[in-house]
Amino acid sequence: MSKVDTSKQNAFLIDMTKCTGCRGCQVACKQWNQLEAENTEFFSGEGYQNPPAMSEYTFTRIKFRDYEKNGQNEFAFYKEMCMHCDDPACASVCPVGAFEKTPEGPVIYKADRCIGCRFCMIACPFGVPKYEWSKGLPLVKKCTGCHDRVTAGLQPACATACPTAITYGPRDEMIKIAEERVAKHPDKYIRKIYGKEEAGGTSVIYLTSLPFDELGFKKVTLRPLPEYTWQALRFVPAAFLTVGGSLSALSWINHRRDRLKNEQEDAEQVDTPADEKED
Amino acid sequence: MTAVRAVAKEIKGYHAFVKFMIFLVVLAAVASLARFVFGLGATTNMDDTYPWGLWISFDVVTAVPLAAGAFTLGAIVHCFNIKKLEPLVRPAIVTGFLGYSLVCVGLVLDLGQPHKGWHVLRYWNLHSPMFEVAMCVMAYTTVLFLEFLSPVAEKFGWHIPLRILRWLEMPLVILAAAISTLHQSSLGTFFLIAVDKLHSLWYNPLLPLLFWVSAICCGMCIIIVEATACHKWMGQPNEGVLLRTLAKILPYTLGFYIFLRVYTLMALSEGPFFDVPVFTLLFFLELGIGFILPFLMFTSNSVRNDDRRRVIAALLVIFGLVLNRFNVSMFGMMDPNHMYYPSIIESLVTIGIIAGHILFFVLIAKYFPIFEHHPETVDYTIPDSFHKIDDGKPKQEKEQKEVLPEGSAASELS
C-alpha cells in the first residue's frame, strides 16, 4: 500500500538470548493498558507460559521452551506481541479502515470505526488481533505499540519495564544493532533477523539462539500481505467496465437485430396490397 | 384486531410444511436474540483461532453464489437474447432477492457492531475485499429489490412505476451482472490474504475467477432445481423444455471451471497437495462428485432431456459448490488439533435462514404473480404514456397489450 520510508519509524529489537523470562513486560502491558487479569491455571497451555494464549485481556506474553544444553535443562523465551508490520494486512482488509500504520511506527486500532467483522483476525499472519468474545457487541483488541506513550516521547510500557532484552528506537538503527550482534557472536545467535523481511518487514525484530520455528515463531511469507489481495482487487474497475460494457454492446446488437427484423416485416406488410392489410 | 384475526385465519389455512417453516424461522429469531443477550463467545463456537464460523461460511460465502441465479439468467435472457427462457426469470429474481436479503440478515448477526454497519459507507477502504463485497451486496440487493418490484406493481396495478421499471429493465440486468461479477469474485479475494493458512489444494491466485465461474454454474443449477421443485410441489407447469436449453449451456461453463481448477492447481499452486488425507478426500469429493460427474452427465443428451437425471446433476453441482466454499472458508484452514464445529445456536440460525428463504418464496409465490408471467403479453419497448409516437399500429391493440398483465393479475386475485 503505502510506500513510506519505514527506516526512521520506531521498532522493537527483542534479543531473546537476553530475556530472563521475568514477565515484567506482561505486567507493565496490563498496567498501562488497564487490562483485566485472567483467571488461569499453571500448565493450562503448552509448557510454562501463562496465560495459555494472547487474548482480549493479554496483548503480550512470554512463551517458554525447555531444551537441553550440555546436559543441562535450559529455558528459551519468545515474546509474543503485535509485530506492527510496515504494510499491515489488518489495515488493508478492514472495510472501514479501523487500522492505521502511524508514522511513529505502531499500528493502531480505532475502536469507534470498527464494525466487528473479524477480517483482520483472518488476515493477520501472526494471529495478533483478538476479539471480546465475552461481550454482546464485541470489539477487536490488540497491542497498541503504546502509541500514546510514544507520541508523548516515552518508550512503550514493555520496553520500559524490560531490564535486559528490549531495545526501542528507529528501525534502521535497530537492524544495524541486530546485525552487529549477530556478526560479533556467531556462536550465540541463529544467523537470521526475524522481522527484517517477514511479511514485508515488521517493526518488531527478534534475535534468538534457537531456531525460530522451535520457539513458536510462525513461518510467514516475505511479501507484504496486502499485495496478495491487491493483485486481484486492482482489476475491479476494469472487470466492472468489461462485463457491463460487453453485455451492453451485446444486448444493443441483439435488440437492433430484432428491431431491423420487425421493421423488415412491417415493410413487407406495407408492400402488400391495401385490401389484404385491412384483415 | 380484525386484521390480526384475518392474518391468523390465513396462517391456519397454510400447508403443514409452511407452518413447520414458520416454526423454524421463529426458532432462529429466538436463537439470534440469544446471540445479542449472551454474546458471541457464549452462543457460538467461534474463538480467536476460528474468528469466522458457520455464519460467514454458509450465510455469506455460500449463500451469495447460491443466489447467483438471478443475474446469470437475466444476462442469458436479455443480453444473450435467449428470450424463450423468460418465464424462469421472475422466480429467479425472487430467489435472488430473498437470498441477498438473508445474506444481509446473516451478516448483521455475525457483525460484532451491527449498529455501526453503515460505517462502510462512511469510511471507504478501497484496499479491502470486504469493503467491496459490502458495497456490492448493498447495491445489488437494491437492484434486486427494484427488479422484484415488477410483480408487486403488477399485483397492485401501479401503472406508472411499472412503466418506469420496464424501462429500467435492461440497465438493471446489465448492472446486476456487472455488480455480481465483482462481489462473487471478491468473495474469493477474501481468502487470498490467508496465504499461509489456507491449504494449497484451495489457495491459488485465481481464486476470485474460480469463485465467479463456479457461481455462474451454480446459478443455472439452482434455477433447474427450483423450477423442478415448483413443478413437483407447487403445482406449476413443467418447464422441462426450457431447462433443457439451460442444461445445454452448463457443459461449457462447467468444463471451463474444471479446466481452470486443474490449471490453477498444476501451474499456479505450490504443494504439498496430498499431505492431509481428509483434505485429499474433501478435494476429490468436491471436484469429482461435485463438478466432473455432473459435467459428464450434462454432456449427455439423455440426461438433459430427462427431468429426474437433470435435476440430480444440478444438485450435484450445488453440492460441489457448497463443499468448495466450505473447504475454502472453513475446512481448508482447520488445525486438526483444535477443530471448529458450529454450536446449536449457530446451527439453528442458519437452518432458520434456509427455512426463511423457502417460506418467503412460497408466500411470495402465493400472493404475487411470479409464475403467471407471460412475456408475450408484456410490451418491453420504452413507455409512451402520452401516445405521442404513432408507430402505425392500431391503438386498440397497444392498449390491450398494456392492460393484459394487470388483467391476469386481477383474475388471480379473485
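The values are calculated or read from the model by the stated rules, or taken from the named source; none is laboratory data. A quick note: this is a predicted structure, and the numbers were derived from the prediction, not measured. In this analysis, Cβ positions are derived from the backbone assuming ideal geometry, glycine residues included, and neighbour counts consider all displayed protein chains. The protein model used for the area step is the full one, side chains on, heavy atoms only, and it has no ligands, DNA or RNA in it. Shrake-Rupley method; radii C 1.70, N 1.55, O 1.52, S 1.80 Å.
Considering every residue within the range A:107-122, establish whether at least one is touching a residue at least 60 places away in the same chain (Cβ under 8 Å), open to solvent by 20 Å² or more (accessible area, probe 1.4 Å) and in contact with a strand residue (DSSP E or B) (Cβ under 9 Å, 6 or more places away or on another chain). Scanning the range A:107-122 turns up no residue that is touching a residue at least 60 places away in the same chain (Cβ under 8 Å), open to solvent by 20 Å² or more (accessible area, probe 1.4 Å) and in contact with a strand residue (DSSP E or B) (Cβ under 9 Å, 6 or more places away or on another chain).
Taking the range B:179-200 as the range and being open to solvent by less than 10 Å² (accessible area, probe 1.4 Å), among the aliphatic types (A, V, I, L, M) and at the interface with chain A (Cβ under 7 Å from one of its Cβ atoms) as the test, the residues that pass are B:Leu192, B:Ile193, B:Ala194. The residues in the range B:47-98 that are under 15 Å from the mean Cα position of the chain (by Cα) and either away from chain A (no Cβ under 14 Å) or over 30 Å from A:Gly127 (Cβ atoms) (or both) can be counted, and the count is 26. The range B:266-309 holds helices (runs of 4 or more DSSP H) entirely within its bounds, and those carrying 1 or more residues that are within 27 Å of B:Leu192 (Cβ to Cβ) and assigned by TED's automatic domain parsing to the domain that holds B:Arg244 map to B:277-284, B:293-299.
Of the listed requirements (1) open to solvent by 10 Å² or more (accessible area, probe 1.4 Å); (2) touching a residue at least 12 places away in the same chain (Cβ under 8 Å); (3) away from chain A (no Cβ under 14 Å), B:Tyr252 misses just one: (2).
Could you say whether any residue in the range B:136-146 is within 11 Å of another protein chain (Cβ to nearest Cβ) and surrounded by 21 or more Cβ atoms within 10 Å (Cβ to Cβ)? For the range B:136-146, residues within 11 Å of another protein chain (Cβ to nearest Cβ) and surrounded by 21 or more Cβ atoms within 10 Å (Cβ to Cβ): present. Determine if the range B:223-230 includes at least one residue that is farther than 18 Å from B:Gly320 by Cα and not in a helix (DSSP H, G or I). No, the conditions are met nowhere in the range B:223-230.
If you filter the range A:136-149 down to residues that are open to solvent by 20 Å² or more (accessible area, probe 1.4 Å) and away from chain B (no Cβ under 14 Å), you find that the one that is nearest to B:Leu40 (Cα to Cα) is A:Thr144.
Annotation: of all residues in the range A:220-251 being among the β-branched types (Val, Ile, Thr) and within 8 Å of another protein chain (Cβ to nearest Cβ), the one that is nearest to A:Cys120 (Cα to Cα) is A:Thr229.
Summed over the range A:80-106, residues that are free of Cβ contacts under 8 Å to residues at least 12 places away in the same chain and either buried (at least 24 other Cβ atoms within 10 Å of the Cβ) or within 7 Å of chain B (Cβ to nearest Cβ) (or both) total 0. Checked across the range A:190-211, the condition of being at the interface with another protein chain (Cβ under 8 Å from one of its Cβ atoms) and either small (Gly, Ala, Ser) or open to solvent by less than 100 Å² (accessible area, probe 1.4 Å) (or both) holds for no residue. Under the condition of being open to solvent by 50 Å² or more (accessible area, probe 1.4 Å) and of a type in the set (A, V, I, L, M, F, W, C), the residues counted in the range B:275-317 number 11. Checking the range B:71-93 against the condition returns a match, with at least one residue being within 30 Å of A:Arg118 (Cα to Cα), surrounded by 24 or more Cβ atoms within 10 Å (Cβ to Cβ) and in contact (Cβ under 8 Å) with a residue 60 or more places away in the chain. Look at (1) at pLDDT 90 or above; (2) open to solvent by 20 Å² or more (accessible area, probe 1.4 Å); (3) in contact with an Asp or Glu (Cβ under 8 Å, 6 or more places away or on another chain) and you find that A:Lys219 fails only one, number (1). Checked against the criterion of being more than 27 Å from B:Ile353 (Cα to Cα), open to solvent by 20 Å² or more (accessible area, probe 1.4 Å) and within 14 Å of chain A (Cβ to nearest Cβ), the candidates B:Trp118, B:Trp124 yield just one match: B:Trp124.
Scanning the range A:39-72 for residues that are within 14 Å of chain B (Cβ to nearest Cβ) and either of a type in the set (Lys, Arg) or surrounded by 14 or more Cβ atoms within 10 Å (Cβ to Cβ) (or both) yields A:Gly45, A:Pro51, A:Pro52, A:Ala53, A:Met54, A:Ser55, A:Glu56, A:Tyr57, A:Thr58, A:Phe59, A:Arg61. If you filter the range B:1-28 down to residues that are in contact with a helix residue (DSSP H, G or I) (Cβ under 7 Å, 6 or more places away or on another chain) and farther than 30 Å from B:Met333 by Cα, you find that the one that is farthest from the other protein chains (Cβ to nearest Cβ) is B:Val18. The set of residues in the range B:323-372 that are open to solvent by 20 Å² or more (accessible area, probe 1.4 Å), within 30 Å of B:Val152 (Cβ to Cβ) and of a type in the set (Ser, Thr, Tyr) contains only B:Tyr367.
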